[in-house]
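For reference, the structure discussed in these notes is given below.
The values are calculated or read from the model by the stated rules, or taken from the named source; none is laboratory data. Remember, it's a predicted structure, so these values are computed and weren't measured experimentally. Glycine also receives a Cβ, built like all others from the backbone with ideal geometry; neighbour counts cover every protein chain displayed. All accessible areas refer to the heavy atoms of the entire protein, side chains included, with ligands and DNA or RNA removed. Shrake-Rupley method; radii C 1.70, N 1.55, O 1.52, S 1.80 Å.
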Amino acid sequence: MTYCLGIVTQAGLIMAADSRTNAGIDYISTYQKLFDFSLAGDRTIVICCSGNLSITQAVLSQLRRDLAGHSDLNLHTLPTMYDLARYLGQKVRQLQESDRNWLKQDGIDFYCNFLLGGQIRGGPIELYLIYGQGNCIHATPETPYLQIGETKYGKPILDRTISFETSLDMAAKCALMSLDSTMRSNLSVGPPLNLARYERDSFVAPMLVQFPAGHEYLVEMRRRWEISLKDAFMRLPDIEWSQHLPRSLSPTSEPVPLDSSELR
């Protein structure tokens, strides 16, 4: 398992990913999950992946091979982000179909997901989630983030914090907090964390930063977040416990016999 997310705002794009993979509690490894395929001056492309490692690595190898071989269809020739999403989905289907019988024979889960974010000159910034079946959805101003992998622990902070008007710096901090919250609750997600930041209409490679385990910024961010959460919790108003609970809710109440007239 892993955790990746993308956030698209009116100012640009943030994408983030952890680096942990596992094939059981006694086999945990570290692999990069965030990749930059940008072409300076023309397009910015960032891809994150989760799921079966052999399939995701094979898909990424196919993408690089098409680029190196100057294939007619590759990440640098397709005209729109939607076309890139469909192209990526097609690669996923082809490789899954090729290995499906052998993986199913040994009961191996071959499902995988991808996030594709970026901008092609002449078009808007877009963020897509490509499913294992090859189909896709995209982020919208109403729902400006997408997640793959172990999503549930990092979702609440996104729901409460992120909007299409959020600044890039705030979105980046929120992405890191979402990852950190997930790491705190699930051992299948872990460092190093990779973060990409792209400003709208700049058409340059995204700014990339990596946070290894124990990085001073992550440590300080977690410390301040926990202090703030505890302080906010202590400031919540006390519950006003009523001494006059409805009879049906009282633990000592006895059943009240019905009057026969109530049955009419």
For this session: Scan the range 45-65 for residues that are in a helix (DSSP H, G or I), open to solvent by 10 Å² or more (accessible area, probe 1.4 Å) and touching an Asp or Glu at 6+ places or on another chain (Cβ under 9 Å) and jot them down.
Result: Ser54, Ala58
Problem set entry | Options Gln96, Gln119: the member that is open to solvent by less than 80 Å² (accessible area, probe 1.4 Å) and in contact (Cβ under 8 Å) with a residue 60 or more places away in the chain | Gln119
Problem set entry | Inter-residue pairs, beta-carbon under 8 Å, first within 16 Å of Ile14 (Cβ to Cβ) and in the range 150-165, second open to solvent by 80 Å² or more (accessible area, probe 1.4 Å) and among the aliphatic types (A, V, I, L, M), 6+ apart | Thr161/Met170
Exercise. From the list Asp180, Asp201, which residue is of a type outside the set (S, T, N, Q) and modelled with pLDDT of 95 or more?
Worked result: Asp201
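Condition check: farther than 25 Å from Asp201 by Cα, surrounded by 14 or more Cβ atoms within 10 Å (Cβ to Cβ) and either touching a residue at least 60 places away in the same chain (Cβ under 8 Å) or among the aromatic types (Phe, Trp, Tyr) (or both). Does Ser38 satisfy that?
So Ser38 fails the test.
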Exercise. So which of Tyr145, Tyr131, Tyr198 ends up being among the aromatic types (Phe, Trp, Tyr) and either open to solvent by 60 Å² or more (accessible area, probe 1.4 Å) or without any contact (Cβ under 8 Å) to a residue 24 or more places away in the chain (or both)?
Worked result: Tyr131
Problem set entry | Filter pass, Arg86 being more than 17 Å from Ile120 (Cβ to Cβ), of a type in the set (D, E, K, R) and open to solvent by 40 Å² or more (accessible area, probe 1.4 Å) | no
Exercise. Looking at the range 190-212, is at least one residue of a type in the set (Asp, Glu) and either closer than 20 Å to Glu150 by Cα or in contact with a strand residue (DSSP E or B) (Cβ under 8 Å, 6 or more places away or on another chain) (or both)?
Worked result: yes
Problem set entry | Of all residues making up the range 58-80, the number that are under 25 Å from Leu193 (Cβ atoms) and touching a residue at least 24 places away in the same chain (Cβ under 8 Å) | 5
For this session: Select from the range 126-150 the residues that are β-branched (Val, Ile, Thr) and in a loop (DSSP other than H, G, I, E, B) and write down the one among them that is farthest from Leu84 (Cα to Cα).
Result: Thr143
Exercise. What's the number of the condition Thr30 fails, among (1) within 20 Å of Ala139 (Cα to Cα); (2) open to solvent by 80 Å² or more (accessible area, probe 1.4 Å)?
Worked result: (1)
Exercise. In the range 201-235, what residues are farther than 30 Å from Val46 by Cα, of a type outside the set (D, E, K, R) and open to solvent by less than 100 Å² (accessible area, probe 1.4 Å)?
Worked result: Ile227, Ser228, Leu229, Ala232
Exercise. Can you name the residue in the range 151-179 that is in a helix (DSSP H, G or I) and open to solvent by 50 Å² or more (accessible area, probe 1.4 Å) and is also nearest to Tyr3 (Cα to Cα) among such residues?
Worked result: Lys155
